[in-house]
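For reference, the structure discussed in these notes is given below.
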Amino acid sequence: MVYLATSRWPEIGSPDVVLIPLGSTEQHGPHLPFDTDTVIACAVADALAIELEASSCSVVVSPALPLGASGEHQDFPGTLSMGHEALRHVVIELARSAQSWVPRVVFVNGHGGNAPVLAEAIDQLVAEGHNAFWVPCGIPGQDAHAGREETSLMLHLAPETVDMSLASPGTTQPLAELLPLMIEAGVRKVSPNGVLGDPTGATSEEGHSLVVQMTARVLPKVLKFIQESS
């Protein structure tokens, strides 16, 4: 694979697809860093690139976009959000730009709040005739935010950034029950410490397994996209 950030233009060649990790800069409880979603998106993009190249696809991995739509976390100091409309424009312009030199663009998304925007942006890009696609980094049934799964992932991917002495449960109600109040008043209204789930018991071993699972979930979708857009 080729890492765009550290390459020179003659090294790009004629790749089949570019993967663009998309994250956020938002609070992740007292124990995890602001770049958690971005770190996870990059890890899945890297693992996905390895699997795609094993299937004879030439891959370029883009630098991550570390800002997203994180308005629900804005009550916590440090959160930076560009909002839905700005993110939609950024995604569209990045894909348009990339398609001048690569036939396919795949966004690898690590932040759930970006998902509605990505769906709209990809629909527009496809309507314009672009080969654009997106996949989420997630496992059904996992804690919604800064809980066991994200904490396990960060213990595996960037353990030096995790302070388990500060890890404590937040609200553990199902996300569907919390969403109306979260949308109206933000995460802090439903969870004062910013955690939606329970990070206690998280392990690096579980984090490694989760990366493998997330990659396995998205790989067939991306391969199908590449095949259908050939």
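The values are calculated or read from the model by the stated rules, or taken from the named source; none is laboratory data. In this text the structure is predicted, and so the values were computed from the model without any measurement. Counting neighbours? That spans all protein chains shown, and the Cβs are built from the backbone with ideal geometry, glycine included.
Scan segment 123-134 and give yes if some residue there is surrounded by 16 or more Cβ atoms within 10 Å (Cβ to Cβ) and part of a helix (DSSP H, G or I), otherwise no.
Keep residues of segment 123-134 that are surrounded by 16 or more Cβ atoms within 10 Å (Cβ to Cβ), which gives 125, 130-134.
Adding the requirement that they be part of a helix (DSSP H, G or I) leaves 125.
Yes - at least one qualifying residue is present in segment 123-134.
Taking segment 156-230 as the region of interest, the helices (runs of 4 or more DSSP H) fully inside it that hold 1 or more residues being within 20 Å of Leu19 (Cβ to Cβ) and free of Cβ contacts under 8 Å to residues at least 24 places away in the same chain are 204-228.
Of the listed requirements (1) under 24 Å from Ala45 (Cα atoms); (2) in contact with an Asp or Glu (Cβ under 6 Å, 6 or more places away or on another chain), Glu205 misses just one: (2).
One residue alone among His73, His84, His89 is in contact (Cβ under 8 Å) with a residue 60 or more places away in the chain, more than 17 Å from Ser14 (Cβ to Cβ) and under 18 Å from the mean Cα position of the chain (by Cα), and that residue is His73. Determine if segment 158-168 includes at least one residue that is of a type in the set (D, E, K, R), over 30 Å from Val60 (Cβ atoms) and surrounded by fewer than 22 Cβ atoms within 10 Å (Cβ to Cβ). Yes - at least one qualifying residue is present in segment 158-168.
Considered as a group, the residues in segment 146-174 that are in contact with a helix residue (DSSP H, G or I) (Cβ under 8 Å, 6 or more places away or on another chain) and at pLDDT below 95 include one that is nearest to Asn193 (Cα to Cα), and that residue is Thr171.
Provide a single number: the residues in segment 71-95 that are assigned to a loop (DSSP other than H, G, I, E, B) and touching a helix residue (DSSP H, G or I) at 6+ places or on another chain (Cβ under 6 Å). Don't jump to the end; show me each part of the working.
Within segment 71-95, the first condition is being assigned to a loop (DSSP other than H, G, I, E, B), and the residues that meet it are 74-79, 82.
Those still in the list that are touching a helix residue (DSSP H, G or I) at 6+ places or on another chain (Cβ under 6 Å) too: 75, 79.
Within segment 71-95, residues that are assigned to a loop (DSSP other than H, G, I, E, B) and touching a helix residue (DSSP H, G or I) at 6+ places or on another chain (Cβ under 6 Å) number 2.
For Ala115, the criteria (1) in contact (Cβ under 8 Å) with a residue 40 or more places away in the chain; (2) closer than 30 Å to Ser58 by Cβ; (3) surrounded by fewer than 21 Cβ atoms within 10 Å (Cβ to Cβ); (4) touching a Pro at 6+ places or on another chain (Cβ under 7 Å) hold in every case but one, which is (1).
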